[in-house]
Amino acid sequence: MIKLDLDDNLIKDKNWYAAFSGGPDSGCLLYLLIKKKEQIEKEYKVEINLSAIHVNHNLRQSESIRDENFCRQFCEKYNVKFLLFNVNVSDYAQSEKLTIEQAARILRYEIFERYSDGCVFLGHNKDDNAETIFMNILRGSGIQGLCGIEKVSNHYYRPLLDYTKKQIIEFNHKNGIEYIIDSSNNSNYYMRNFVRNELFPSINEKTGKDVSSNLVSLASLAKQAQTYIDKQIEMEFKKRVTLEEDSALIDILDFITLDEIISSGLLRKAIQHVKKILKDVEKKHIEIIINLINNSQSGSVLELKDGIRVLRLQNDRVRIYKQADKDNNFCENINMEGDTHIDSRGITVQSEISIFEGGAEYSKRWVMLDYEAVREGLVIRNRRVQDFIYPSKGNGKKSLKKYFIDNKIDSDLRDKLFILAIENEIVYIENKEIGKRFRPKKGNKALRLEFI
């Protein structure tokens, strides 16, 4: 007997969305959710909206159409709302240099994320979990990988995780639940299929052990260890790491004294903030970063995949950041009487002419400039080789490069700062300085620019 292990109080007031491929797992899940919906509505006197999400990957031509039609008819039979999405997995995999499996998963979850206001139910079973754990071991992903699939993660629920495929199919037959078989599951071209169809059965036969059950038991122990480790990592992370929009600044004083598992976890967490995902970040990459921290001088730079850089700074600091795309130059004329949109940077500049009353001349979100000095030719852009500035303090002209060096502005930040300029003369460096002749004068007309 299969029952949904769900806390009614967590789900009874939300919309429900079931990922539905038409296979035995998702068919069983949707059937159980239909029954659960009826029980909760009767018991709590509430109305629950249940929808099925079907993603057509367009990988198997006529079979993909067959799957779509089957799922639509299944939903009509049980009066479930049917949500259909078409994606081109092959094109996405090619453009992003991913495997078909990786691309399909990313595209599916992009769709599921649209329904984060409710509960998204997924049909992963015990065998899926064991396969995931084993493949994580092959990738060398550490204790976190040994933990396997979470039963509840944010708005995702996997209530079949304690049941095997065999148990699910038996339940379907007993309850007359129809399903379809994806023919590609029989092909060992995909690594997961090879593990499922060939490797695990062979290990079970040779050892007389149930490899899936043993791996899931291992995952339970790994989760206990990981919970403790995560607490220690979080303590060090809060003490040592300052997060910025797309970079992480790390205090590495006495870093060498940290246990390796803590320092490694801290670095992974920092990289995840910058990169958003930990794909392709392996143990060897973490070891190289630790070596840079412990043995390199300030100014040393390490380049990882996907434009991620690690820069050793002065004063026992390291910055992890994503290198700016130098080909992504931009330059827009400032509209003196309205808004200026810089789509490539996601910035809107709002202009307003007023009288400068004194006080602060700029902040992170706005700047006040002498109107007469900037009324013609003012642009917003990134830096150029010939740029120069007349700093507020001092009498001379200074190249922008020298200004950055003298003011100890980290090299990774220089391409990220926007510049206001007239030709090659700097009017304003984002949240750093206004050129001397462009500073507003008290009682005079000023141009206020707000950056949104």
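The values are calculated or read from the model by the stated rules, or taken from the named source; none is laboratory data. Source: prediction; values computed, not measured. Neighbour counts are summed over all protein chains in view; Cβ atoms, including those assigned to glycine, are modelled from backbone coordinates with ideal geometry.
What is the residue count in the range 36-65 for residues that are more than 17 Å from residue 6 (Cα to Cα), under 33 Å from the mean Cα position of the chain (by Cα) and not polar (S, T, N, Q)? Total satisfying the criteria: 9. With the structure loaded, tell me whether residue 74 is over 15 Å from residue 51 (Cβ atoms), more than 31 Å from the chain's Cα centre (by Cα) and surrounded by 13 or more Cβ atoms within 10 Å (Cβ to Cβ) or whether it fails that test. Answer is no for this residue.
In the set 393, 364, 432, only one residue is at pLDDT below 90, among the basic types (Lys, Arg) and under 24 Å from residue 319 (Cα atoms); that residue is 364. Of all positions in the range 229-240, at least one carries a residue that is touching a strand residue (DSSP E or B) at 6+ places or on another chain (Cβ under 6 Å), at pLDDT 95 or above and outside any loop (DSSP other than H, G, I, E, B).
Yes/no matrix, rows are residues, columns are (1) in contact with a Cys (Cβ under 8 Å, 6 or more places away or on another chain); (2) surrounded by 14 or more Cβ atoms within 10 Å (Cβ to Cβ); (3) under 15 Å from residue 432 (Cβ atoms); (4) not assigned by TED's automatic domain parsing to the domain that holds residue 417:
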site	(1), (2), (3), (4)
336	no, yes, no, no
340	no, yes, no, no
350	no, yes, no, no
355	no, no, no, no
360	no, no, yes, no
363	no, no, yes, no
378	no, yes, no, no
386	no, no, no, no
391	no, yes, yes, no
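Evaluate the range 295-306: report whether one residue or more is among the β-branched types (Val, Ile, Thr), at pLDDT 90 or above and surrounded by 13 or more Cβ atoms within 10 Å (Cβ to Cβ). Scanning the range 295-306, I find no residue that is among the β-branched types (Val, Ile, Thr), at pLDDT 90 or above and surrounded by 13 or more Cβ atoms within 10 Å (Cβ to Cβ), so the answer is no.
Selection of the range 23-64 for residues being modelled with pLDDT under 95, among the hydrophobic types (A, V, I, L, M, F, W, C) and not in a loop (DSSP other than H, G, I, E, B) yields only 40.
Taken together, the criteria place residue 267 among residues that are modelled with pLDDT of 90 or more, outside the structural domain of residue 106 (by TED's automatic domain parsing) and not in a strand (DSSP E or B).
Here's the yes/no breakdown for (1) touching a residue at least 60 places away in the same chain (Cβ under 8 Å); (2) outside any loop (DSSP other than H, G, I, E, B); (3) hydroxyl-bearing (Ser, Thr, Tyr); (4) in the same structural domain as residue 284 (by TED's automatic domain parsing):
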position	(1), (2), (3), (4)
83	yes, yes, no, no
92	no, yes, yes, no
103	no, yes, no, no
108	yes, yes, no, no
113	no, yes, no, no
145	no, yes, no, no
150	no, no, no, no
171	yes, yes, no, no
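Candidates are the residues of the range 400-437 that are farther than 17 Å from residue 369 by Cα and basic (Lys, Arg); the one that is farthest from the chain's Cα centre (by Cα) is 402.
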